[in-house]
């Protein structure tokens with residue numbers, strides 16, 4: 001019973017979605033680093049693989065919970081609910097269909113070269129299934145509204161954070177009489193901030209392994225300690241270039257920032273894994289939970305098991321290894337107009353925003369947040385030229401994706417329910 | 001998501017510096033063509049006119065490419081109009097050098113020694129102005145890299161000030177050349193005088209255009 005056909009369908013499409021995230025979406029997170037020359041392709045893939053997986057497994061639970069049971073209330077599908085004994089099976093079919101619909105829509109969009117967000121597809125698909133199964137009142141519109149609002153807020157917040165990060169870099173480094181010395185001086189502090197933030201996201205979970213209920217103060221101190229160690233490492237690694245630099249000092253500034261950008265690239269990969277693994281694993285977690293209960297109950301109390309998150313993380317890494325590296329190489333070639341100082345600011349702004357959304361359990365689009373962050377750097381006079389038509393494309397992908405994924409998911413659900421029940 | 005890399009358009013600052021390089025190649029031919037003209041080596045003048053025309057065309061190619069890549073939808077760190085005007089003025093430097101060569105090649109105008117020396121002095125000043133302008137033009141990518149702040153701005157503003165001074169000096173030398181031309185107007189003849197004035201104007205225009213690029217750059221750097 002555990003390996004009923006619906007479980008296989010959910011597992012296959014869930015893995016496909018994870019593969020797709022690794023194959024296509026990771027490229028955007030790493031593209032700026034490869035484009036600016038901060039990371040070679042090989043190193044970008046290693047950093048992305050490690051941190052995407054880490055983010056998915058360590059912090060991927062929050063958003064997964066939202067997709068699993070935040071958009072439509074699973075209580076309605078319990079044996080005592082509206083559908084009686086069929087309830088759990090109906091929810092399993094619906095979630096599998098939502099995954100399948102999102103996967104088909106993504107594949108079709110890719111074929112036609114349309115820019116489509118994985119996050120928007122899966123949220124639209126779950127809403128579509130919910131509306132057909134329960135009617136409009138069955139969907140938690142409050143939560144959906146929160147998610148949609150986060151899609152507007154996250155690029156804006158990414159832009160604001162990146163804007164100020166770049167303004168700070170300009171003030172501390174670019175405006176200085178000796179920009180190279182200023183970079184060497186401030187680099188450890190920048191690494192400390194990024195390191196502390198990274199540690200904060202998983203310190204609580206990590207400390208829980210060794211102590212029952214870590215105090216917030218302990219978490220904070222441990223994170224600051226991690227940031228401090230990273231800063232000391234940076235202090236030892238970052239050195240002013242030998243000899244008297246002839247010509248532009250900014251060449252050296254960028255070279256040093258290339259090293260710093262590895263840290264923000266890792267942060268972006270971590271944030272991306274943490275937020276986006278849910279797109280593949282959220283519905284799958286629901287199906288696996290129901291299957292584990294023999295299709296007689298909808299378990300909601302337990303958090304998503306780590307091994308399920310690990311499946312998602314592994315799927316992303318496989319996508320990265322089999323196809324994603326190609327996309328990273330292509331995108332890296334196109335993004336040569338962004339230098340490490342700018343990449344650092346944009347990646348920092350985007351990663352912090354996505355991590356914040358992740359902590360709040362909100363599925364956001366990492367790519368849109370990055371786009372917002374890059375525009376933020378542009379507004380701070382940081383980038384040579386930006387093509388703002390892209391923003392229109394993004395708006396269009398929003399308008400198209402949500403109803404399309406919802407309709408497709410509803411159609412698949414009606415079909416599969418007729419076949420399987 | 002293929003949108004992300006489409007967000008990045010080609011930065012116009014490196015191409016502007018490249019256009020500056022091409023224009024500089026034209027400016028470097030001003031001295032040789034003037035020398036040949038004053039030495040009445042008409043074959044050499046024709047040869048250099050041709051060479052200048054070809055170099056100017058190469059600069060035009062870069063200019064067109066920059067214009068084609070600057071649609072209105074682009075978001076730039078400085079005003080698009082200022083950038084396009086900068087390009088126009090920079091291109092005007094090469095155009096006026098070409099005008100000089102065309103006029104020198106058009107008619108075998110022979111000048112009295114004193115007038116020739118004044119023209120030579122004016123051209124030397126223009127060549128110096130051209131070198132200072134070239135430094136300014138080549139600083140564009142660094143300015144963008146420094147995000148239009150810091151020591152790079154101070155340096156560029158100093159260069160711009162020097163260009164203003166040089167243009168003023170060139171104006172004075174052009175006036176001297178004019179006065180000497182009037183002094184020798186009988187000897188030069190009416191048609192020769194007409195050509196001489198037009199040549200002097202074209203030479204002077206080179207400095208004006210170089211000064212205009214400096215003024216436009218100052219406008220781009222003005223705190224918004």
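Read the figures in this text as sums done on the coordinates, not as results from a lab. The model shown is predicted, which means the values in this text are computed figures rather than measured ones. Neighbour counts run over all protein chains shown; Cβ positions are idealised from the backbone, glycine included.
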Sort through A:274, A:310, A:265 and tell me the only one that's over 30 Å from residue A:172 (Cα atoms) and crowded, with 24+ Cβ neighbours inside 10 Å.
-> A:274
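I'd like to verify a number: residues in segment B:149-182 that are away from chain A (no Cβ under 14 Å), free of Cβ contacts under 8 Å to residues at least 60 places away in the same chain and more than 17 Å from the chain's Cα centre (by Cα), how many? It would help to see each step written out before you state the result.
In the first step, residues of segment B:149-182 are kept if they are away from chain A (no Cβ under 14 Å); the result is B:157-182.
Then keep just the ones that are free of Cβ contacts under 8 Å to residues at least 60 places away in the same chain; that gives B:158-176, B:178-179, B:182.
Next, from what is left, pick out any that are more than 17 Å from the chain's Cα centre (by Cα): B:158, B:172-173, B:175-176, B:178-179, B:182.
Selection size over segment B:149-182: 8.
Taking residue A:327, is it under 22 Å from the mean Cα position of the chain (by Cα), assigned to a helix (DSSP H, G or I) and within 10 Å of chain B (Cβ to nearest Cβ)? Spell out the reasoning first.
Working: under 22 Å from the mean Cα position of the chain (by Cα): yes; assigned to a helix (DSSP H, G or I): yes; within 10 Å of chain B (Cβ to nearest Cβ): yes.
Judged against the criteria, residue A:327 is a match.
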A careful count of residues in segment B:54-79 that are in contact with a helix residue (DSSP H, G or I) (Cβ under 6 Å, 6 or more places away or on another chain) and part of a helix (DSSP H, G or I) gives 7
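Among the listed residues A:125, A:98, A:102, A:109, which satisfies the condition of being in a helix (DSSP H, G or I), over 28 Å from residue A:295 (Cβ atoms) and under 20 Å from the mean Cα position of the chain (by Cα)?
A:109
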Of the residues that make up segment A:268-276, is at least one in a helix (DSSP H, G or I), within 30 Å of residue A:180 (Cα to Cα), out of contact with any helix residue (DSSP H, G or I) (no Cβ under 6 Å at 6 or more places or on another chain) and touching a residue at least 12 places away in the same chain (Cβ under 8 Å)?
-> no
Which residues, taken from segment A:376-395, are surrounded by 24 or more Cβ atoms within 10 Å (Cβ to Cβ) and either away from chain B (no Cβ under 14 Å) or part of a helix (DSSP H, G or I) (or both)?
-> A:376, A:377, A:378
By residue number, the members of segment B:7-24 that are buried (at least 16 other Cβ atoms within 10 Å of the Cβ) and assigned to a helix (DSSP H, G or I) are B:13, B:15, B:16, B:17, B:18, B:19, B:20, B:22, B:23, B:24
Six or more apart or on different chains, Cβ under 8 Å: which pairs go from a residue in segment A:25-39 that's on the phi > 0 side of the Ramachandran plot and more than 8 Å from chain B (Cβ to nearest Cβ) to one that's assigned to a helix (DSSP H, G or I) and surrounded by 24 or more Cβ atoms within 10 Å (Cβ to Cβ)? Could you list them?
-> A:37/A:340
Which of the residues belonging to segment B:3-53 are closer than 19 Å to residue B:145 by Cβ and more than 16 Å from the chain's Cα centre (by Cα)?
-> B:8, B:9, B:10, B:11, B:12, B:13, B:14, B:15
Hey, can you tell me all the residues within segment A:206-238 that are assigned to a helix (DSSP H, G or I), in contact with a helix residue (DSSP H, G or I) (Cβ under 6 Å, 6 or more places away or on another chain) and touching a residue at least 40 places away in the same chain (Cβ under 8 Å)?
-> A:231, A:234, A:235
